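None of the figures in this text is laboratory data; all of them are computed from the coordinates on show. Just so it is clear, the structure is predicted and the values come from calculations on it, not from any experiment. Counting neighbours? That spans all protein chains shown, and the Cβs are built from the backbone with ideal geometry, glycine included.
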Amino acid sequence: MTTHNGNAQKLPDVKKVLGNPKITFVLGGPASGKGTQCAKLVEEFGYTHISTGDLFRAEVAKGSREGAMMKRIMNEGGLIPYQLTVQVLINALIANPSKNYLIDGFPRARDQAVYFEQVVGEAQSDLYFNTPLDVCVARCMERAKTSGRSDDTEETIKARLRTYEEQSKPVVEMYAKFGKVREVDGSHDTLTVWKATREAMLPQVSWIVGPKISGKT
Ligand code: AMP
C-alpha cells in the first residue's frame, strides 16, 4: 500500500492474521450516540470496540509529525486520508484479536469502505444512529464543556457535520442498498436509545453465547 505521503508501506496479510472475524461498522453524525451505545454493546455482548476517532487521538497524543497532521485535519473537521485511516485501523485490529468487532466511526467515506473490503473483507452489518443534526449540535456543545476535545468547538462542529452529510451519509445509503443497515433513532435519551440498539443488534448476536445474553433476555 501507499501512505498519504506516498511512502510505500507493506501491510501484513491481514485476512490471514485476523482469521475472518465478524465486523459491525457503527456510523452516525458527531455525538449521535455511537460511543455511548458501543460501550453498552461491549458490556452486554462482549464485542471488541475500536473507535477510529480514539485511535487518531492516541496518535496525536504521541506528538509525532503524523499526529500533528492528524490533529490539524481533525480540528478542521475533515477526514484523515483513507490509506492512513485503514492502516491505523488494521494495526488496532491486529493488536486486539477478536472474533467480533464493533468498528466505531468507520467507514466515513466510500474510499475507506472499498479499501477496507479489499484488504480485510466485508462487514456483517452497519449499525446506524440516525440522529437529527440539531440534536448532534446541541450534544456536541454540551460535551464541549467537559470533553477537552479540540474539535468540540462551534466552528469545527459545523465542519464535521458538513463532512458527515457530504461524505459519510452516502456510505450509509450504499450499505442500505445492500440491506446491511440496522438503523436506530438516536434522538432520545441514552436508555431509550439503548433499548432500540439492543433490539436492532439481537438478531445478529445469537452467535455470542454466554450467560449475559441468556440471563438478561
Ligand atoms: P470521532 O471521535 O469519531 O468524532 O472522530 C473525530 C475526528 O477524527 C473526525 O472528525 C475525523 O477528523 C477523524 N476521524 C475519525 N474517524 C475517521 C475515519 N474513519 N476517517 C477519517 N477521519 C476520521
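Observations on the structure shown:
- Search result, residues across the stretch 77-114 that are among the hydroxyl-bearing types (Ser, Thr, Tyr), surrounded by 18 or more Cβ atoms within 10 Å (Cβ to Cβ) and more than 11 Å from the ligand (Cβ to nearest atom): Tyr101
- Residue selection: Asp151 satisfies the criterion of being farther than 15 Å from Glu183 by Cβ and surrounded by 13 or more Cβ atoms within 10 Å (Cβ to Cβ).
- Residue check, Tyr128 touching a residue at least 24 places away in the same chain (Cβ under 8 Å), over 23 Å from Val14 (Cβ atoms) and among the aromatic types (Phe, Trp, Tyr): yes
- Considering residues of the stretch 49-76 that are of a type outside the set (Ser, Thr, Tyr) and assigned to a strand (DSSP E or B) only, the residue nearest to the ligand (Cβ to nearest atom): Ile50
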